[in-house]
1. Positive end of the dipole of the range 433-539, charges at C-beta (+1 Lys, Arg; -1 Asp, Glu), about the Cα centre: which of LEU478, THR510, ALA466 has its Cα farthest in that direction?
2. Which is farthest toward the positive dipole end of the chain among LEU430, ALA413, THR585, measuring Cα position about the Cα centre, with Cβ charges +1 (Lys, Arg) and -1 (Asp, Glu)?
3. Can you list residues whose amide H is under 5 Å from ALA470's amide H, if they're 5+ apart or on another chain and H is modeled 1.01 Å from N?
4. Taking one equal scatterer on every alpha-carbon of the range 479-541, how large is log10 of I(q)/I(0) by Debye at q = 0.12, 0.13, 0.22 1/Å?
5. Taking Cα centroids, how far is the range 540-606 from the range 276-331 in Å?
6. Quick one: dipole size for the range 1-124, taken about the Cα centre, charges +1 on Lys/Arg Cβ and -1 on Asp/Glu Cβ, in debye to the nearest 20.
7. Would you be so kind as to identify which of THR197, LEU274, LEU544 lies farthest towards the positive end of the dipole of the chain, taking Lys and Arg as +1 and Asp and Glu as -1 on Cβ and the Cα centre as origin?
8. So what is the 222 nm mean residue ellipticity for the chain from helices alone, if each DSSP H run of at least 4 adds -39500 (n - 2.57) and you divide by all residues, rounding to the nearest 500 deg cm²/dmol?
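The values are calculated or read from the model by the stated rules, or taken from the named source; none is laboratory data. The structure presented is a predicted model; accordingly, all values stated were derived computationally and were not measured. All Cβ positions, glycine included, derive from the backbone under ideal geometry; neighbour counts span all protein chains shown. Ligands, DNA and RNA are stripped out before the accessible areas are found, and what is left, the full protein with its side chains, is counted by its heavy atoms. Shrake-Rupley method; radii C 1.70, N 1.55, O 1.52, S 1.80 Å.
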Amino acid sequence: RDTHGGDKILFYGGGGQGNHLGGVYCDATLKALGVKYRSNALAQEKTGEFWVNGKMLGAGVHGDFEHAEVGLFIGKNPWQSHGFARARTVINAFKQDPERTLIVIDPRRTETAQRADIHLQLEPGTDAWCLAALVAILVQEDLVARDWLEQHTDGFDLVAPLFEEVDVAAYAEICKVPEELLRQTARRIASARSVATFEDLGMQMNRHSTLGSYLHRLVWMLTGHFGKQGGNNAFVPFLSLSAASKGKVGGATGKKRRKKRVSPVTGSKIVIGLIPCNVMAEEILADHPNRYRAMIIQSGNPVHSVADSPQMREAMAALDFSVVIDVAMTETARCADYVLPAASQFEKAECTFFNIEFPENTFHLRHALFEPLPGTLSEAEIHSRLVTRLVGITDAHLRPLRIAARLGRPALAAALLTLLARRPKWFHYLPVLLYRALGPRLPATAREAAVLWAVSHAYVRAEKKAATQAGYGGLAPLAAERLFDDVVNGKQGVVFASSAYEDSWERVRTAGGRLQLALPELFASVVKLRYEPPTSRGDFPLVLSAGERRSETTNTILRDPAVRAKKGAELRISPRDAAAHGVETGDVVRLSTKRGAVTVPVEVTDTMRPGHISLPNGFGLDFEPGGMAGVPTNELTSAEDRDPFVGTPWHKHVPARIEPAEPSAA
């Protein structure tokens, strides 16, 4: 920091999977170091969707699948990946009700697609053509909700001409879905009383992903499925993911427009405070005065999970300094200069901020079950030690806060205000101050929850209506105290927000509180689809999905091969492709891409369409003494293959080929 500046330090990660509380504390360390640039897994997946949401309505949305007449999943297999409450129960309810329709857009016949009424089994990587065709059908057959659009949206007159001349039959041929099935799907969506939708990584890690997110929203906006039961609604977060990514403790995003930011070397778009993962190595390895020279990595494993693992290892070696904070000795930790071992999610208070349900939203603080293993610390303790040393926070500064905390939280609030009035910059270190002062007054199993006191107050101030409807009304300070007490003591979780469906409109933060149908930045991409030829893959005739969710995968949480099922790591391939290559289930093949090659056993299954192959996520992990199980998929992916708008990787569209290999080579 002192030699090159905090802007030369890149932070990656934050909270682990379903364990996000430690990520709130790291922000104090980053502020002490002056860190300006961050990234994490959201920049591999969701930034295109977040950017489109921000432009079109300024809020996150979630489908009310419990009550929807029609459910639509795009590149999403909730039977395996969930993503909403009671996913399997809800999917079965669709299947059993003849009045309801489940639609799946996916190149594989997933477990969800097997239960769907309509499966658009498209060619891999053609989601944009499929969705554009659906929008074109809605426009050309005048299936749009014209009165609703007039009342609630802007821009239809700009959008409609883009689709009036689309050749639906040609687009159907490109995506390999029968034209009549596309028309049936569009008409069903338009005629439904309510439609709930969900897009996920199958599209978001694919070609034209940001464009796909835009077209997806046009499908349900043009048909009027927002702000109503069974539709898509704007949820109320406890701690906004976008706010957390930007280093804010508050509970909601504001209306203030910020200056557009880009990464220092490649000039890549920064969305919700995150640079694209795919440019990290490029920015480190560049011969540029503003290149990143150091990394702090917490609860993340970019050497394994980011595209082009060989390049990421090279980048780690090129850094002047690197430190990993993690519960496991990951592939990234092996490349780091320092490793600070963290306690596991069972040895500290933890939570998830993936709170996106509607109309009621729930937060659950999980208490520690065991003492941390010797030599490990919670992230809250790690960052408290770092910050107090970096900033010079002494026991003399903390003693008045601790004394006040013994008298009660109102006294602590007064003592904090006094301290921060004298040292306003220390507001950046509020999580640490709370952990040191309030943490000891909480149950020993929940000390890390101290920062949630500030989150509770920020939430109640920002979301008074939703909090009041959930039972946290009245004077905001008193309501926040009740909420915090319930969070800490509510072992089954707490409903912190309750909304009516029409409240979704109050969260729309675009001009006039109206949905914005026109995204001029993407108009050229919409038109370009008409002239873009099918991709020619040359020496790599197959499309590999590098990272499929299966029953056997655990998102790298469980690293020991001994606890995994014996199956689940195979390369899935269609019967036609298996016959063409002369292989059967259990045979070993050499799988090659432009970036690398591996050997892997195959599983022949009719759930795959010809030309499409897939590997699971979460395998190929280094583990001693058990060795490695499965294939590390990012040895095969390339960082240069990424979305042109937000830089998300094309993990689900990797040109590949297979050749027979000797079983002994696996």
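1. Toward the positive end, the furthest listed residue is LEU478.
2. With unit charges placed on the Cβ atoms, the residue in question is ALA413.
3. Hits under the 5 Å cutoff: SER498.
4. Computed log10 I(q)/I(0) values: -0.69, -0.71, -1.00.
5. Between the Cα centres of the range 540-606 and the range 276-331 lies a distance of 27 Å.
6. 420 debye
7. So the residue we want is LEU274.
8. Helix-only estimate at 222 nm: -10000 deg cm²/dmol.
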